[in-house]
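The values are calculated or read from the model by the stated rules, or taken from the named source; none is laboratory data. None of these values were measured; they are calculated from a predicted model. Positions of Cβ are backbone-derived with ideal geometry, glycine not excepted, and every protein chain shown enters the neighbour counts. Surface areas here come from the heavy atoms of the whole protein model, side chains and all, with no ligands, DNA or RNA. Shrake-Rupley method; radii C 1.70, N 1.55, O 1.52, S 1.80 Å.
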Amino acid sequence: MAEKEHYDFVEVTAADILADRRGGWEDFTRFVTWSTGAIIVVLVLMAIFLV
């Protein structure tokens with residue numbers, strides 16, 4: 001027989017949603033910043049060693 005599952009629902013407020021989205025945005029901008037820096041370093045190294 002199938003077992004019945006119980007779900008506890010909690011109230012989600014706008015502040016919770018905004019905090020989650022803000023955290024995601026901060027992670028994304030940190031990733032883009034580090035990725036851009038890494039690409040610049042690779043391009044500089046290529047310019048030094050390949051030219």
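Some observations on this one:
- With the simple spin-label model, which puts each label point 7 Å out from Cα in the Cβ direction, the ALA19 to GLU3 separation comes to 3.2 nm.
- Solvent-accessible heavy-atom area per residue, rounded to whole Å², over the chain at 1.4 Å: 106
- Under the combined filter of DSSP loop state and at most 16 neighbouring Cβ atoms within 10 Å, the chain retains these trypsin sites (Lys or Arg not before Pro): LYS4.
- Compared with the dominant principal axis of the Cα atoms in the chain, helix 14-50 is inclined by about 20°.
- In the chain, the chymotrypsin sites (Phe, Trp or Tyr not before Pro) that fall in loop regions by DSSP, at most 10 other Cβ within 10 Å: TYR7, PHE9
- With the simple spin-label model, which puts each label point 7 Å out from Cα in the Cβ direction, the GLU11 to VAL44 separation comes to 5.3 nm.
- Per DSSP, loop GluC sites (Glu not before Pro) in the chain with at most 11 further Cβ within 10 Å: GLU3, GLU5, GLU11
- Protein heavy-atom surface of the chain, 1.4 angstrom probe: 68% of the accessible area is carbon and sulfur, with nucleic acids and ligands not counted.
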